[in-house]
Amino acid sequence: SPQELEKQQAAAAAVRWVRDGMVLGLGTGTTSAHFIKQLGERVQAGLKVQGTATSLASEALARQLGIPLLEPRRGLTFDLAVDGADELDGQLRLIKGGGGALLREKTIETASRYLLVIADSSKVVPVLGRFPLPLEVVPFALPWVLDAVEKLGGAPVLRTHKDDSASPVYSDQRNFLVDCHFGQIPDAEGLAVRLKTIPGIVEHGLFMGLAKAAVVIQGGVAQVLKP
Ligand code: DER
């Protein structure tokens, strides 16, 4: 599909940012999967990098492709993290978490010197919030989190599997994921602060002040966007 091609193009552009010796944060989602696959080809051709993945799924893919992986340890920082986004605005504020990996993504990307977002053109928005904001929630706290999110103006929906089991989707940390439909988020910083006061919300999908650049395919060409 055209969107899949754009994801591959964005991933290919990002691979060219990688230098020998880099310690990389490896993102999660379909665009990041293209990046990891193309990075794997360069590793097999002799590129010397190490990485830590932002999800068990990305870790398995990277391992299968022979990308040397680093376990979490004190003081570990990343030269470059490459990851997708569900939405990005003009200041490179992001909504992430569509793939359910927001906790490890925000952890790794906060420990990274440089976060490069890779995205197809459909992700660029004037105002965040059309995409429902993902939260990672401790199961015990769910009812009260749903009440609190509603009070903030978001319609919260527990993320369930789309098969007839309708069983909850679990994060890699065995927590629930809740998607909050705000429609538009005019004050993302204010909402981020309020969400952090709600007990049981482990992490939210607003990523602000983290992305230094984004490679977005526009008109079939890779554009580099900066805040
Ligand atoms: O879950 C995530 O944060 C992913 O990076 C997501 O935001 C992008 O997923 P996609 O590349 O499959 O569109």
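The values are calculated or read from the model by the stated rules, or taken from the named source; none is laboratory data. Bear in mind the structure is a predicted one, so any value in this text is a computation, not a measurement. As a convention, Cβ positions derive from the backbone with ideal geometry for all residues, glycine included, and neighbour counts pool all protein chains shown. Note: accessible area is taken over every heavy atom of the protein model, side chains too, but ligands, DNA and RNA are not part of it. Shrake-Rupley method; radii C 1.70, N 1.55, O 1.52, S 1.80 Å.
Please enumerate the residues belonging to the stretch 107-123 that are open to solvent by less than 50 Å² (accessible area, probe 1.4 Å), within 9 Å of the ligand (Cβ to nearest atom) and either farther than 25 Å from GLN3 by Cβ or more than 12 Å from the chain's Cα centre (by Cα) (or both).
ASP120, LYS123
Mind checking which residues of the stretch 148-169 are surrounded by 15 or more Cβ atoms within 10 Å (Cβ to Cβ) and outside any loop (DSSP other than H, G, I, E, B)?
Selection gives ALA148, VAL149, PRO156, LEU158, PRO168.
Identify, please: which residue in the stretch 1-40 is within 23 Å of VAL221 (Cβ to Cβ), touching a residue at least 24 places away in the same chain (Cβ under 8 Å) and charged (D, E, K, R) and is, among those, surrounded by the fewest Cβ atoms within 10 Å (Cβ to Cβ)?
Applying the filter and picking the extreme gives GLU4.
Mind checking which residues of the stretch 124-143 are surrounded by 15 or more Cβ atoms within 10 Å (Cβ to Cβ), under 30 Å from LEU225 (Cβ atoms) and touching a residue at least 40 places away in the same chain (Cβ under 8 Å)?
Result: VAL124, LEU128, GLY129, ARG130, PHE131, PRO132, LEU133, PRO134, LEU135, GLU136.
Hey, could you check the stretch 124-149 for residues that are of a type in the set (D, E, K, R) and within 14 Å of the ligand (Cβ to nearest atom) and say which is nearest to GLY29 (Cα to Cα)?
GLU136
Among the residues of the stretch 31-38, is any modelled with pLDDT of 95 or more, touching a His at 6+ places or on another chain (Cβ under 8 Å), over 27 Å from PHE176 (Cα atoms) and within 14 Å of the ligand (Cβ to nearest atom)?
No, the stretch 31-38 contains no residue that is modelled with pLDDT of 95 or more, touching a His at 6+ places or on another chain (Cβ under 8 Å), over 27 Å from PHE176 (Cα atoms) and within 14 Å of the ligand (Cβ to nearest atom).
Select from the stretch 30-72 the residues that are charged (D, E, K, R) and more than 15 Å from ILE118 (Cβ to Cβ) and list them in ascending order.
Answer for the stretch 30-72, where residues must be charged (D, E, K, R) and more than 15 Å from ILE118 (Cβ to Cβ): GLU41, ARG42, LYS48, GLU59, ARG63, GLU71.
Could you list all residues from the stretch 91-103 that are within 10 Å of the ligand (Cβ to nearest atom) and assigned to a helix (DSSP H, G or I)?
Within the stretch 91-103, just LEU102 meets the criteria.
Considering only residues that are in a loop (DSSP other than H, G, I, E, B) and either at pLDDT below 95 or touching a Phe, Trp or Tyr at 6+ places or on another chain (Cβ under 7 Å) (or both), which ones fall in the stretch 1-20?
SER1
What's the total number of residues in the stretch 67-90 that are part of a loop (DSSP other than H, G, I, E, B), more than 16 Å from the ligand (Cβ to nearest atom) and touching a strand residue (DSSP E or B) at 6+ places or on another chain (Cβ under 9 Å)?
Result for the stretch 67-90: 9.
Need the failing condition index for GLU59 against (1) open to solvent by 30 Å² or more (accessible area, probe 1.4 Å); (2) over 24 Å from PHE182 (Cα atoms); (3) part of a loop (DSSP other than H, G, I, E, B), just the number.
(3)
Could you go through the stretch 42-51 and let me know if any residue there is within 17 Å of ASP86 (Cα to Cα), surrounded by 19 or more Cβ atoms within 10 Å (Cβ to Cβ) and not aliphatic (A, V, I, L, M).
no
Hey, could you check the stretch 21-31 for residues that are touching a Gly at 6+ places or on another chain (Cβ under 9 Å) and either part of a helix (DSSP H, G or I) or not hydrophobic (A, V, I, L, M, F, W, C) (or both) and say which is nearest to PRO72 (Cα to Cα)?
Out of the qualifying residues, it is GLY25.
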